[in-house]
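One structure below.
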Amino acid sequence: MITIGIDIGTSGVKAALVRDGDQVLAHSSQPLTVSRPQPGFSEQHPEHWWLAACAALDELRSQAPQALADTAAIGLSGQMHGATLLDARGEVLRPCILWNDGRSDLECAELERRWPALRRVTGNIAMPGFTAPKLCWVRKHEPEIFARVAKVLLPKAYLRWRLSGEYAEDCSDASGTLWLDVGARRWSAEALAACHMSLEQMPRLVEGSEAAGQLSPSLTARWGFRRAPIIAGGAGDNAAGAVGVGAVRPGDAFVSLGTSGVLWATTATFAPNPAHAVHAFCHAVPDTWHQMGVLLAAASSLAWWAGVCGRPEAELLAEIDAAGIAVSPAWFAPYLSGERTPHNDTRVRGGFLGLAADATRAQMTQAVLEGVAYAMADARDALASAGTTLREAALIGGGARSPRWAQLMADVLGLTLHQVAESDIGCALGAARLARMAAGDGLEVARPAHRLRSYEPRPQALALHRERHARWQRLYPLARDFAR
């Protein structure tokens, strides 16, 4: 069976054409940019996702036209939480407010006061990154747009609508709206009413491994498919990544060093712990849930630093090795866009501390790597407070390609980390696997990804970083108070 996985990320749209056995026949990556019209704002126009997805499918066709023609199903993955607002004609009303947008801080507090059951039902704290507070903000600040909202779609659901004409969303992505009863896997009328909204404005719910539409006849002809592919329910990006590495059974885990950072643990039941800003969401496969600690800036911290330095990331990493740096004398707080787990603080900002007159660029790069690793250790501790203890995890995301960073993460977290094949297209691969399930295959297609290399925590480094993490934790109160 041949399937396609399409992933709408923040920095780009990726697509992979995949045959049985996870053989990638063709792949494409199309860039996206983020608009920041005001401090704390983060937006993209949905039309840019569509154009990038079309370009990606065009490239797949140019690379493997015969295989593409035999595609049975398409799976979708996407950045979570984005508020894509459509009117009654299906026209986009405004740019999508993204997951890392911080404008709705006040609306979060108001929403929790209006609906005291929010944390119990949704399993999460109201955070500006979630979709519901964004709509509360639109109602307050753009009432003429709010009055015209007929449908609210997440990014991949918008792409599904453009591909098939279907308004549908899977439970994993819907969990990040704050409108889902996560334990029951259904929309909550009470949650919507608290935002002055209704069930009619929501897409229908499906499981990620379920068929949720079919490619339209005109697009089937455009890309030369022999028959219209099924479109699977798909998954939010992290759930798709979990399917891609085979983390679909209770106890499975992964660490993602992507634009954002994620520590994921699959669970058999709905297991919320909102007090420590741990996310409790539905998985993309039926009757399964997960816990997740989230960093808003992980690999994007290194990308930001590379941009400031005007040097490629690989060159900066090579400088560390050339200088023989074990640990940095400087410290870095990676709160470039605020932070989620465990602080739930949109206003805090990052920075360097402990710089001396002889500080080098290589030392500062090492501090960036360490700061992200220590922030991930905070997420590990938050999951532990919810009763989740991990011993090993897959390692995915762009940052996973750096052996130095991978070993540092293992030493800081005290986990054996397994770098896996196709980690750079993990979400698209997971979406392609979900497409296979929708076309008739079972959960066995989500087998563990092939391990390329494993990183064991080194006892001496583990003890060193345990002490350094405790010292690093003093940065957050300083950064918080300074931001205020």
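Just report the Cα centroid separation between segment 268-325 and segment 357-417, whole Å.
Value for the Cα centre distance between the two parts: 9 Å.
Calculate log10 I(q)/I(0) of segment 1-56 for q = 0.18 Å⁻¹, where I(q) comes from the Debye formula with a single equal point scatterer on each Cα and nothing for solvent.
For segment 1-56 at q = 0.18 Å⁻¹, log10 I(q)/I(0) is -0.63.
Provide, in order from the shortest bin, the percent of all Cα-Cα pairs of segment 87-149 in each 5 Å bin, continuing until the bin that contains the maximum pair distance.
All Cα pairs, binned at 5 Å, distribute as 4, 18, 26, 23, 16, 10, 4, 0 percent.
Taking only protein heavy atoms into account and a 1.4 Å probe, give the accessible area per residue of segment 125-209 in Å².
So segment 125-209 comes to 30 Å² accessible per residue, rounded to a whole number.
How large, in percent, is the carbon and sulfur part of the accessible surface of the chain at a probe radius of 1.4 Å?
C and S atoms contribute 51 percent here.
What Cys residues in the chain are without a partner cysteine, judged by a Cβ distance under 4.7 Å?
Cys54, Cys96, Cys108, Cys136, Cys195, Cys309, Cys427, each lacking another Cys Cβ under 4.7 Å.
So with the 1.4 Å probe, I'd like the accessible area per residue for segment 417-457, rounded to whole Å².
Accessible area per residue: 40 Å².
Could you give the distance between the Cα centres of segment 452-484 and segment 138-172, to the whole Å?
The distance from the Cα centre of segment 452-484 to that of segment 138-172 comes to 39 Å.
Restricting everything to alpha-carbon atoms, can you work out Rg to Rh for segment 322-481 with a Kirkwood hydrodynamic radius?
1.03
Quick check: convex hull over the Cα atoms of segment 28-186, volume per residue in Å³, rounded to an integer?
Looking at segment 28-186, the number lands at 120 Å³ per residue.
Distances over 34 Å make up what percent of all Cα-Cα pairs in the chain?
More than 34 Å apart: 30 percent of the Cα pairs in the chain.
Name the residues whose placed amide hydrogens come within less than 5 Å of the amide hydrogen of Tyr335, ignoring near sequence neighbours (fewer than 5 apart) on the same chain.
Residues meeting the amide H criterion: Gly350, Gly351.
I'd like the distance separating the alpha-carbon centroids of segment 1-80 and segment 185-235, in whole Å.
Value for the Cα centre distance between the two parts: 17 Å.
Using packing as a proxy for protection, rank 357-367, 175-185, 127-137 so that the peptide with the highest average count of other Cβ atoms within 10 Å comes first.
Ranking, from highest mean packing down: 127-137, 175-185, 357-367.
Based on the mean of other beta carbon atoms within 10 Å per residue, what is the order of 458-470, 295-307, 2-14, most packed first?
2-14, 295-307, 458-470
Which of rounded, prolate, oblate describes segment 161-206, given a ≥ b ≥ c as roots of the alpha-carbon gyration tensor eigenvalues and a/c under 1.5 marking rounded, otherwise prolate only if a/b is larger than b/c?
oblate
Taking every alpha carbon pair in segment 202-336, what does the distance histogram look like in 5 angstrom bins from 0, in percent?
2, 9, 13, 14, 13, 12, 11, 12, 8, 4, 2, 1, 0
Residues with amide H under 5 Å of Gly75's amide H, sequence separation 5 or more or different chain, H placed in the peptide plane at 1.01 Å from N; which?
HN-HN under 5 Å from Gly75: Ile4, Gly5, Ile6, Ala232, Ala435.
Roll a 1.4 Å probe over the protein chains and send me the accessible area per residue for segment 309-404 in Å².
That works out to 39 Å² per residue.
Between Gln473 and Ala193, what is 0.36 nm times their sequence separation minus the Cα-Cα distance? Round to one decimal in nm.
Length difference between fully extended and current span is 96.9 nm.
Let me test this: with uniform point scatterers at the alpha carbons of segment 267-409, what is the Debye-based log₁₀ I(q)/I(0) at q = 0.11, 0.12, 0.13, 0.14 1/Å?
-0.46, -0.55, -0.63, -0.72
Rounded to the nearest 500, what is the 222 nm mean residue ellipticity of the chain from helices alone, with -39500 (n - 2.57) per DSSP H run of 4+ residues and division by all residues?
Value at 222 nm, helices only, nearest 500: -11000 deg cm²/dmol.
The values are calculated or read from the model by the stated rules, or taken from the named source; none is laboratory data. Because the structure is predicted, anything quoted here is derived from the model rather than measured. Note: ideal-geometry Cβ built from the backbone for every residue, glycine included; neighbour counts use all protein chains shown. We work out accessible area using only protein heavy atoms, side chains counted, and drop any ligands, DNA or RNA first. Shrake-Rupley method; radii C 1.70, N 1.55, O 1.52, S 1.80 Å.
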